[in-house]
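Novice: The structure follows.
The values are calculated or read from the model by the stated rules, or taken from the named source; none is laboratory data. Treat the numbers as computed from the prediction; the structure is a model and nothing was measured. Note that we place each Cβ from the backbone using ideal geometry, even for glycine, and neighbour counts take in every protein chain shown. Side chains included, ligands, DNA and RNA excluded: accessible areas come from the protein's heavy atoms. Shrake-Rupley method; radii C 1.70, N 1.55, O 1.52, S 1.80 Å.
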Amino acid sequence: MTNLVNNIVLRICKQSLSFASLTDRLRYEPYIVNSSISIAANLREAFRSSPLLAETYTKSTALIDSEVMLLPEEEYRETDNEQLYRHSFHTTPSQTIMHMPIKHLSAVAVFAVDSDLLTVLRDHYDNLTVLPLTMPTWKIAAQKQELVNIYACDNFIEITAFERNRFLFYNRYNVKHVNDAVYFIVNVRKQLKEKQGVRLMVKSANDKQSIAASLNENLAKYVDNIEMVEPDSLSTQQTADTNIQLPFDMMCFINEK
């Protein structure tokens, strides 16, 4: 398991914030955001009011919801990062382009972070690691390379497939309805005919209003072999004892070895 002693994990999405730490025990704090101000401004307010953020930590990790560009590590050139990313995705000058090696998959993830948000984080933490939100799920996904992996999270799905411990396919799709998600998955499944089925990972088993809640049932009309992976399946002694329902990506991070 990742060493979370004196480590704070911040999960930062476009419309939500939550925090987790493991000192003597696991603690988790969802933060109610003010939709009329930016996420960076919300995080500033959270630092003033959150009991968890008020404590001192030796390490900090921010999981940031951001579109990701993946590059093979042998083709990666740091000097090309910004130009390639800004050419591939819609960005603004107020975003900082970052990267993170993925050693176990021989790739590098390039992603964008709001510069104001990054300033807030760096103002509070010296030892800060910034990761794409879904990056912790890739290690779990790559364990079943015979399947197409789907991570259903909030208003998007992320589809990955692997071969010989490398990415064979990666894409993220913004979806507003479960039918949109099914359409994208079925089309990717047709492209990857050699894969034996689908592995569905969901952010939360308790979010009945999310697309993920009905995705399994709707997808089963078109795909025979569906394997479900929910956050509870990754429970450790620390998480099981607290009955805390962590988002799947955060749980994956905590369980990384």
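Novice: From S35, S60, S18, S66, which residue is in a loop (DSSP other than H, G, I, E, B), of a type in the set (G, A, S) and under 17 Å from the mean Cα position of the chain (by Cα)? Step through it out loud before you land on a result.
Specialist: Values: S35 fails: under 17 Å from the mean Cα position of the chain (by Cα); S60 fails: in a loop (DSSP other than H, G, I, E, B); S18 fails: in a loop (DSSP other than H, G, I, E, B).
It is S66.
Novice: Got at least one residue in the stretch 81-103 being in contact with a strand residue (DSSP E or B) (Cβ under 9 Å, 6 or more places away or on another chain) and among the charged types (D, E, K, R)?
Specialist: yes
Novice: Filter the stretch 212-227 for residues that are open to solvent by 60 Å² or more (accessible area, probe 1.4 Å) and within 17 Å of N149 (Cβ to Cβ); which is modelled with the lowest pLDDT?
Specialist: By that ranking, first place goes to D224.
Novice: Which residue out of E74, E55, E78 is surrounded by fewer than 16 Cβ atoms within 10 Å (Cβ to Cβ) and modelled with pLDDT of 95 or more?
Specialist: Details: E55 fails: modelled with pLDDT of 95 or more; E78 fails: modelled with pLDDT of 95 or more.
So the residue among E74, E55, E78 that is surrounded by fewer than 16 Cβ atoms within 10 Å (Cβ to Cβ) and modelled with pLDDT of 95 or more is E74.
Novice: Another question about this same structure. So A46 clears everything in (1) touching a Phe, Trp or Tyr at 6+ places or on another chain (Cβ under 6 Å); (2) among the aliphatic types (A, V, I, L, M); (3) not in a helix (DSSP H, G or I) except one condition, right? Which one?
Specialist: (3)
Novice: How about the stretch 69-94: which of its residues are assigned to a loop (DSSP other than H, G, I, E, B) and of a type in the set (G, A, S)?
Specialist: Let us first name the residues in the stretch 69-94 that are assigned to a loop (DSSP other than H, G, I, E, B), namely 76-77, 89-94.
Of everything in the stretch 69-94, just one residue is assigned to a loop (DSSP other than H, G, I, E, B) and of a type in the set (G, A, S), namely S94.
Novice: Follow-up. Considering only the stretch 154-162, I want to know if a residue exists there that is open to solvent by less than 50 Å² (accessible area, probe 1.4 Å) and over 22 Å from R11 (Cβ atoms). Talk me through it step by step, then tell me what you get.
Specialist: Of all residues in the stretch 154-162, those open to solvent by less than 50 Å² (accessible area, probe 1.4 Å) come to 156-162.
Next, from what is left, pick out any that are over 22 Å from R11 (Cβ atoms): 161-162.
Scanning the stretch 154-162, I find at least one residue that is open to solvent by less than 50 Å² (accessible area, probe 1.4 Å) and over 22 Å from R11 (Cβ atoms), so the answer is yes.
Novice: What residue, of R122, R172, is more than 30 Å from T56 (Cα to Cα), open to solvent by 20 Å² or more (accessible area, probe 1.4 Å) and out of contact with any Gly (no Cβ under 8 Å at 6 or more places or on another chain)? If you could, list the steps in order and put the result at the bottom.
Specialist: Values: R122 fails: more than 30 Å from T56 (Cα to Cα).
Step by step, each of R122, R172 is checked, and only R172 is more than 30 Å from T56 (Cα to Cα), open to solvent by 20 Å² or more (accessible area, probe 1.4 Å) and out of contact with any Gly (no Cβ under 8 Å at 6 or more places or on another chain).
Novice: It is to be established whether one or more residues within the stretch 185-206 are under 13 Å from the mean Cα position of the chain (by Cα) and either more than 30 Å from F47 (Cβ to Cβ) or among the β-branched types (V, I, T) (or both). First the steps, then the outcome.
Specialist: Of the stretch 185-206, the ones under 13 Å from the mean Cα position of the chain (by Cα) are 201-204.
After this cut, where a residue has to be either more than 30 Å from F47 (Cβ to Cβ) or among the β-branched types (V, I, T) (or both) as well, the list is 201-202.
Yes.
Novice: Still on this structure, I have one more. For the stretch 96-190, give me every one of the strands (runs of 3 or more DSSP E) that falls completely inside it and has 3 or more residues that are in contact with a helix residue (DSSP H, G or I) (Cβ under 7 Å, 6 or more places away or on another chain) and in contact (Cβ under 8 Å) with a residue 40 or more places away in the chain.
Specialist: Details: elements: 107-114, 128-132, 147-153, 156-163, 166-174.
Of the strands (runs of 3 or more DSSP E) lying wholly inside the stretch 96-190, those with at least 3 residues that are in contact with a helix residue (DSSP H, G or I) (Cβ under 7 Å, 6 or more places away or on another chain) and in contact (Cβ under 8 Å) with a residue 40 or more places away in the chain span 107-114, 147-153.
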